[in-house]
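K.L.:
Below you'll find the structure I mean.
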Amino acid sequence: MEILESRLLARFPHGFTTRAGGVSPPPWDGLNLGDRVGDDPAAVAENWRRLAARTGLAFARVRQVHGVRVVVAAGEDALPAVEADAIVSRRPGLAACVSVADCVPVLLADPVSGGVAAVHAGWRGTLAGAAAAAVRALSRETGTAPARLLAAIGPSIGPCCYEVSPELAGQFEASLGAGVVRGGAGRPRLDLWAANEAALRGAGLRAVEILGRCTACERERFFSHRRDGGRTGRMAAFAAPPAISPAGPVP
Ligand SMILES: [Zn+2]
C-alpha cells in the first residue's frame with residue numbers, strides 16, 4: 001500500500017491513498033474505496049479493512065453530493081447516509097475522510113486543538129466555497145482562528161489535464177482570479193489546486209501545501225474519472241486528531 005502524505009500535517013495521522021495495495025479487479029484495480037462505482041462490495045470492504053489495519057484508524061465518511069455542507073463526525077460510518085461534502089473530527093483515532101477520483105481532496109488540521117476536517121471539492125464544490133465552509137466549521141468547533149489552521153491539497157486532476165468550457169473558465173476567473181485558468185482562450189484548463197489555495201487563503205489560512213500530483217497523468221498510481229471515462233475506482237483522503245496534543249510535550 002502506498003499512502004502519500006503532507007509535510008505540513010506530519011504531526012497528524014493522515015494520508016492520500018493510491019491504487020496500490022488493494023484486491024479489486026480492473027477497472028477498479030486495486031485499492032478502490034468507492035462504494036458506488038460498480039465494484040464488488042466484498043472487495044471494497046476488504047480494501048477498507050486493509051486501510052484500517054495499515055493506519056489503525058476508523059473512518060467517518062459522508063455521502064458526497066458536490067455541495068458545501070459540513071458535518072461533525074459522531075462515529076465511524078462504513079456506509080454513509082448523510083449528504084455532505086466535508087466532515088470534521090475531534091476524536092483521536094477517528095479519521096475525517098472523503099473519497100475522490102479527480103476532485104480535489106483538502107485536509108485541514110488545527111495544531112492547537114488537534115481537530116481536523118476533510119473536504120471534497122470538485123469544480124462545483126470549489127466554485128461554491130466548500131473549502132472555506134469547512135474552515136469556518138472547524139474554526140467554530142475548536143475555537144481556533146483560521147490563521148492558525150494547516151491545509152493540504154491532495155492529488156486531483158491537474159492544470160495540465162483539466163480542460164473545461166470557456167464559460168466555466170470565465171466563472172472561475174470572475175470568482176477566484178485569472179491565476180486559476182491556464183491555456184488559450186479556445187481550450188482553457190482549470191487549476192483547481194490554485195483555486196482551492198486562493199479560497200483557503202481568502203478564508204484566513206496562511207499555511208497551505210499543494211501536493212501537486214495529477215490523477216489523470218499518473219495512470220498507474222491514481223484513479224481518474226475523466227481519463228477512465230467514468231469506469232474507475234476512488235481514492236480516500238483522511239486525517240485524524242493525534243492521540244497526544246499535536247503541539248507535543250513542553251520540553
Ligand atoms: Zn495531468
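The values are calculated or read from the model by the stated rules, or taken from the named source; none is laboratory data. Note that the coordinates shown come from a computational prediction; the quantities given were computed from them, not determined experimentally. FYI the Cβ positions are ideal-geometry reconstructions off the backbone, even for glycines, and counts take in every protein chain you see.
K.L.:
Could you grab me the full set of residues in the stretch 180-202 that are within 16 Å of the ligand (Cβ to nearest atom), surrounded by fewer than 20 Cβ atoms within 10 Å (Cβ to Cβ) and either within 11 Å of residue 160 (Cα to Cα) or in contact (Cβ under 8 Å) with a residue 60 or more places away in the chain (or both)?
P.N.:
Residues satisfying the conditions are 182, 183, 189.
K.L.:
Hey, another quick one. Could you check the stretch 38-152 for strands (runs of 3 or more DSSP E) lying wholly inside it with 3 or more residues that are in contact with a Lys or Arg (Cβ under 7 Å, 6 or more places away or on another chain)?
P.N.:
Per the criteria, 94-100.
K.L.:
Now for a different question. Given (1) within 16 Å of the ligand (Cβ to nearest atom); (2) of a type in the set (A, V, I, L, M, F, W, C); (3) crowded, with 16+ Cβ neighbours inside 10 Å; (4) under 20 Å from the mean Cα position of the chain (by Cα), identify the lone condition not met by residue 164.
P.N.:
Unmet condition: (4).
K.L.:
Could you check residue 234 against (1) closer than 20 Å to residue 105 by Cβ; (2) within 14 Å of the ligand (Cβ to nearest atom); (3) not hydrophobic (A, V, I, L, M, F, W, C) and say which number it fails?
P.N.:
Residue 234 satisfies all of (1) closer than 20 Å to residue 105 by Cβ; (2) within 14 Å of the ligand (Cβ to nearest atom); (3) not hydrophobic (A, V, I, L, M, F, W, C) except (2).
Residues are listed down the side, and each one gets a yes or a no for (1) in contact (Cβ under 8 Å) with a residue 60 or more places away in the chain; (2) surrounded by fewer than 17 Cβ atoms within 10 Å (Cβ to Cβ); (3) of a type in the set (Lys, Arg); (4) within 14 Å of the ligand (Cβ to nearest atom):
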| site | (1), (2), (3), (4) |
| --- | --- |
| 146 | no, no, no, no |
| 153 | no, no, no, no |
| 159 | no, no, no, yes |
| 176 | no, no, no, no |
| 204 | yes, yes, no, no |
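K.L.:
Right, something else. Just to check your reading of the model, which residue among 184, 158 is assigned to a loop (DSSP other than H, G, I, E, B) and modelled with pLDDT of 95 or more? Please lay out each step first, then the result.
P.N.:
Working: 184 fails: modelled with pLDDT of 95 or more.
One residue alone meets the criteria, 158.
K.L.:
Moving on. Pull out all pairs, ordered by first then second residue, where Cβ-Cβ is under 6 Å, the residues are six or more apart or on different chains, the first lies in the stretch 206-226 and is closer than 15 Å to residue 17 by Cα and in contact (Cβ under 8 Å) with a residue 40 or more places away in the chain, and the second is away from the ligand (no atom under 13 Å from the Cβ) and polar (S, T, N, Q).
P.N.:
That search, which allows pairs on different chains as well, returns 221/18; 223/232.
K.L.:
Quick one: which residue in 221, 201 is under 19 Å from the mean Cα position of the chain (by Cα) and assigned to a loop (DSSP other than H, G, I, E, B)?
P.N.:
Exactly one residue qualifies, and that residue is 221.
K.L.:
Within the stretch 207-231, track down each residue that is among the hydrophobic types (A, V, I, L, M, F, W, C) and in contact with a strand residue (DSSP E or B) (Cβ under 8 Å, 6 or more places away or on another chain).
P.N.:
Result: 207, 208, 210, 211, 214, 222, 223.
K.L.:
Could you figure out which of (1) over 22 Å from residue 136 (Cα atoms); (2) surrounded by 15 or more Cβ atoms within 10 Å (Cβ to Cβ) isn't true of residue 79?
P.N.:
Residue 79 satisfies all of (1) over 22 Å from residue 136 (Cα atoms); (2) surrounded by 15 or more Cβ atoms within 10 Å (Cβ to Cβ) except (2).
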